[in-house]
Each structure stands twice: as structure tokens, then as C-alpha cells.
């Protein structure tokens with residue numbers, strides 16, 4: 001097994017670009033691109049707790065909200081055996097916010113998503129996270145993602 005961790009900034013940027021692309025209406029309209037981004041073994045769990053298959057996502061209708069209507073933040077990469085990349089992030093939308101985790105396969109030189117799960121964040125949880133992240137900022141160790 002190759003133990004290379006995902007520390008390559010270009011690899012990380014490919015994952016971020018692919019992840020954000022999945023949230024656009026363009027991804028839903030470009031069926032070929034969407035099917036490429038979804039690994040053959042893809043599965044997901046929605047913020048509401050519903051299991052979703054690759055076929056269901058590939059067959060879904062295009063989204064109407066562009067990335068500009070969403071704010072992605074708190075990107076973090078977690079070590080996994082290469083070629084897998086585990087990424088977490090926070091997503092703020094117009095009327096709600098959520099946390100997400102995805103596992104990407106980068107073995108082809110492109111990023112293909114294998115798993116995704118979202119979790120709703122309540123206003124109280126979001127406010128608490130802001131307080132904690134402010135406190136944590138005062139104790140920065142200088143280590144990156």
C-alpha cells in the first residue's frame with residue numbers, strides 16, 4: 001500500500017475545485033462531467049440523513065444556485081493512504097449552514113468523489129463554533145491544514 005499523504009497543494013486545489021463544482025448548476029447540466037466526478041463506487045448521506053446512490057445523484061436535476069450564493073470555509077485535509085483524500089469544510093448558504101466531509105480519489109491525476117456526507121449546523125452551533133475558532137486563533141501553532 002502506498003502511504004503517501006495528500007500534502008501536494010495542487011492535489012488539494014484539484015479536490016477543492018471539484019468539490020465546489022459539484023455544488024453548481026453547471027455540474028448538473030453537464031451530465032458527462034458530473035458522471036466523471038462521481039467515482040463508480042460513490043455513495044452519500046444527505047444532511048437529512050438519507051442515503052443516496054451514484055445513480056440518484058447522476059440522474060438528479062440541475063441545481064439553480066450558483067457557487068456565488070454559497071460561502072465555503074474551514075477547508076481541512078486529513079491524512080489517508082494515497083490516493084484517497086479526506087476533506088472537511090463548512091458551507092454557508094442563504095438560509096442555512098452545514099458541515100461536510102468527502103473522500104476523493106486522485107489516482108488518475110483528477111479528483112473523483114467516492115463518498116460525501118453533510119450535516120446541518122444550527123444557529124447555536126454556528127455561534128459556538130465562531131467563539132471556539134476565535135479562541136483557537138489565539139493559540140495558533142503555525143501548522144497548516
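The table below gives the values:
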{"read-out": "Number of the condition not met by residue 113 [criteria: (1) modelled with pLDDT of 95 or more; (2) in contact with a helix residue (DSSP H, G or I) (Cβ under 7 Å, 6 or more places away or on another chain); (3) more than 18 Å from residue 19 (Cβ to Cβ)]", "value": "(3)"}
{"read-out": "For residue 21: the one exception among (1) at pLDDT 85 or above; (2) buried (at least 17 other Cβ atoms within 10 Å of the Cβ); (3) within 23 Å of residue 71 (Cβ to Cβ)", "value": "(2)"}
{"read-out": "Residue 57 vs. criteria part of a helix (DSSP H, G or I), crowded, with 17+ Cβ neighbours inside 10 Å and over 14 Å from the mean Cα position of the chain (by Cα)", "value": "yes"}
{"read-out": "Top-ranked residue of the range 27-46 - restricted to ones that are surrounded by 18 or more Cβ atoms within 10 Å (Cβ to Cβ) and in a helix (DSSP H, G or I), ranked as modelled with the highest pLDDT", "value": "37"}
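The values are calculated or read from the model by the stated rules, or taken from the named source; none is laboratory data. Note that the coordinates shown come from a computational prediction; the quantities given were computed from them, not determined experimentally. Positions of Cβ are generated from backbone atoms using ideal geometry, with glycine treated the same way; all protein chains shown enter the neighbour counts.
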